[in-house]
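> For reference, the structure I am asking about is given below.
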Amino acid sequence: MSSLRHGAGGDASSHRSGRDDVLRRGDRSNAVVEIREALSALGLVDNPDANLTTGKRVAVDVFDADLDHAVRAFQQRRGLLVDGIVGEATYRALKEASYRLGARTLLHQFGAPMYGDDVATLQAKLQELGFYTALVDGYFGLQTHNGLMSYQREYGLSADGICGPETLRSLDFLGSRVTGGSLHAIREEEQVRRSGPRLSGKRIIIDPGRGGSDHGLITQGPDGPISEADILWDLASRLEGRMTAIGMETFLSRPANRSPLDAERAATANTVGADLMISLRCETQPSPSANGVASFYFGSSHGSVSTIGRNLADFIQREVVARTGLRDCRTHGRTWDLLRLTRMPTVQVDVGYITNPRDRSMLVTSHSRDAIAEGILAAVKRLYLLGKNDRPTGTFTFAELLAHELSVEQARPAF
């Protein structure tokens, strides 16, 4: 691994990075020294020089038990999968955590975007002052650039969208004048309320995982061999068919013959300008005993959460569990690229462990995929109903959803 400020390694726990250059307990290298120093700066492990005063000897280039505990604590704090393995996701998060506001000039860079805790701090300051209404996600994109320019214009600074010493001095001097609820949460909730209970006309991105040459695990189904990619594509098609029939505008994040990176999938969703994005994945684990369904939404260690994403994840989780009997692995906030780079509420649903015999036997049947698709559609409907005309979890059928859409349409006043 290279410097924390210039590189990223692979990650067995980074949710499908697919790379093998990871660090774990028992490893020994200069990269371990770097990881230890980074965690020490965050106060999660003793400073490598601590033995000079305490007498405790630390082999700083060894990934020992103390470092393993520190890595797990850091992963938990940052909303990562807690496995003690330092790879792409954890290494990137360590890199971002190493930045403090004022240590570098911040600006929007096409092709080489800036990420870091310093960006998140800037976003939080702008949000408190009412100039930034998006997620505090540590990503310096156009929304951060525009928010910063608005602040600079308002306070008589050069409106160049660059956070340098002058802008920082202004922010520090002004401080926080208004604090309270998240502007992003208020905006998300208001958009859902204003859009009304009808699903017809709403734009949804459906994102089936894998694709192209990335087939994933291949198993035996009722009609012969079927791959993980096939299962997810078929599930996406069933969901798309139901949404289209009900009048929704649906888009797939990829063609069947490609497996884009998560950042590319997010860019596709942003280009479409969808209301929601629903990503479908299967989970894998070395142990065949791991099983169940889990749903993920954007949630960061800075306290920024996509409230609509969280609500939708909760609805999807309950509907799918009720209809399939899959183990409930609950909902979780994460900062994965797919969740933080999309400009609309996004939920990733891990519909089961393809490595678990029971989950796998369910996923290969068309009946179960129908049940999952119907559950996700019902969850989306619940999101827009805002608690009105609700039905018990797991009981909303496709026919009833169609009937409800028709009744809402007929109740609309004619102009």
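The values are calculated or read from the model by the stated rules, or taken from the named source; none is laboratory data. Bear in mind the structure is a predicted one, so any value in this text is a computation, not a measurement. For neighbour counting, all protein chains shown are included, and Cβ atoms are generated from backbone atoms with ideal geometry for every residue, glycine included. All accessible areas refer to the heavy atoms of the entire protein, side chains included, with ligands and DNA or RNA removed. Shrake-Rupley method; radii C 1.70, N 1.55, O 1.52, S 1.80 Å.
> Which FRET efficiency value, to the nearest 0.05, do you get for SER237 and ALA59 by plugging their Cβ-Cβ distance into 1/(1 + (r/R0)^6) with R0 = 45 Å?
It comes out at approximately 0.25.
> Ok, one more. I'd like to know how the range 228-289 sits against the 2.2 N^0.38 Å rule of thumb: what's its Cα Rg over that expected value? Write down the numbers at each step before the final one.
Working: Rg = 13.4 Å, N = 62, 2.2 N^0.38 = 10.6 Å.
Ratio of Cα Rg to 2.2 N^0.38 Å: 1.27.
> For the range 236-246, in order, what is each residue's ³J(HN,Hα) by Karplus, 6.51 cos²θ - 1.76 cosθ + 1.60 with θ = phi - 60°, in whole Hz (x at glycine and Pro)?
Each residue's phi maps through the Karplus curve to give 4, 5, 5, 5, 4, x, 5, 5, 5, 5, 8 Hz.
> Please build a GNM for the chain, connecting alpha carbons under 10 Å apart, and tell me which residue among GLY387, GLY111, GLY201 fluctuates the most.
GLY111
> Still on this model: Just to be sure I understand the model, the point goes 7 Å from the Cα along the line to the Cβ. What's the resulting ASP21 to ARG104 distance in nm?
1.8
> When the label point is put 7 Å from the Cα of ASP370 along its Cα-to-beta-carbon vector, which residues of the range 189-221 have a backbone N closer than 14 Å?
So the set is empty, nothing qualifies.
> In deg cm²/dmol, rounded to 500, what helix-only [θ] at 222 nm does the chain give when every DSSP H run of at least 4 residues adds -39500 (n - 2.57) and the total is split over its residues?
Result for the chain, helices only: -13500 deg cm²/dmol.
> Check HIS332: other-chain or 5+ apart residues with amide H under 5 Å from its amide H, H built from backbone geometry?
When sequence neighbours closer than 5 places are left aside, the close amide H contacts are SER295, PHE296, TYR297.
> Over all distinct alpha-carbon pairs, what is the Kirkwood Rh of the range 186-406 in angstrom?
Kirkwood radius, the range 186-406: 17.4 Å.
> Separate question: Cross-chain or 8 or more residues apart, Cα under 28 Å: how many lysine pairs in the chain fit that? Count them up, please.
On the way: LYS56/LYS95; LYS95/LYS125; LYS202/LYS381; LYS202/LYS388.
For the chain, qualifying lysine pairs total 4.
> Angle, helix 65-77 long axis vs. longest principal axis of the chain, Cα atoms, 0 to 90°, nearest 10?
Taking the Cα atoms of the chain, the angle to 65-77 is about 50 degrees.
> Also, quick follow-up: Which residue fluctuates the most in the chain, going by a Gaussian network model with Cα springs under 10 Å, if the choices are LEU386, LEU148, LEU326?
Result: LEU386 has the largest fluctuation of those listed.
> Which net charge results when you count Lys and Arg as +1 and Asp and Glu as -1 among the other residues whose beta-carbon is under 10 Å from that of LEU217?
For residues surrounding LEU217, the net value is +1.
> So for the chain, averaging the separation of alpha carbon pairs under 8 Å that are six or more residues apart and normalising by length, what relative contact order in percent results?
That works out to 13 percent.
> Using modelled backbone amide H atoms (1.01 Å from N, in-plane), which distant-in-sequence or interchain residues come within less than 5 Å of LEU252's amide H?
ILE206
> Here's a follow-up. What figure in square angstrom, to the nearest 10, would you give for the accessible area of GLU249 with a 1.4 Å probe?
Accessible area, nearest 10 Å²: 80 Å².
> With a 1.4 Å probe and all protein chains left in place, how much accessible area per residue does the range 186-406 have, in Å²?
Accessible area per residue, the range 186-406: 40 Å².
> In bins 5 Å wide, starting from 0, what share of all Cα pairs of the range 90-166 does each bin hold, as a percent?
Pairs per bin, as whole percents: 3, 17, 28, 28, 16, 5, 2, 1.
> Over the Cα atoms of the chain, how large are the radius of gyration and the largest Cα-Cα distance (Dmax), in Å?
23.1, 83
> If R₀ is 35 angstrom, what is the calculated FRET efficiency for the pair PHE398 and THR284, using the beta carbon separation as r and rounding to 0.05?
Numbers: r = 30 Å, r/R0 = 0.87.
The computed FRET efficiency comes out at 0.70.
> For the range 167-273, treating each Cα as an identical point scatterer without solvent, what Debye log10 I(q)/I(0) comes out at q = 0.14, 0.18, 0.21 1/Å?
-0.76, -0.97, -1.13
> Cβ under 9 Å from ALA373's Cβ, ALA373 left aside: what net charge do those residues give with Lys, Arg +1 and Asp, Glu -1?
0
> Given a cut-off of 19 Å, what percent of all Cα-Cα pairs of the range 270-398 lie beyond it?
For the range 270-398, the fraction of Cα-Cα distances above 19 Å is 49 percent.
> Given the chain, what percent of its DSSP beta bridges are antiparallel, to the nearest 5?
Antiparallel bridges: around 40 percent, rounded to the nearest 5.
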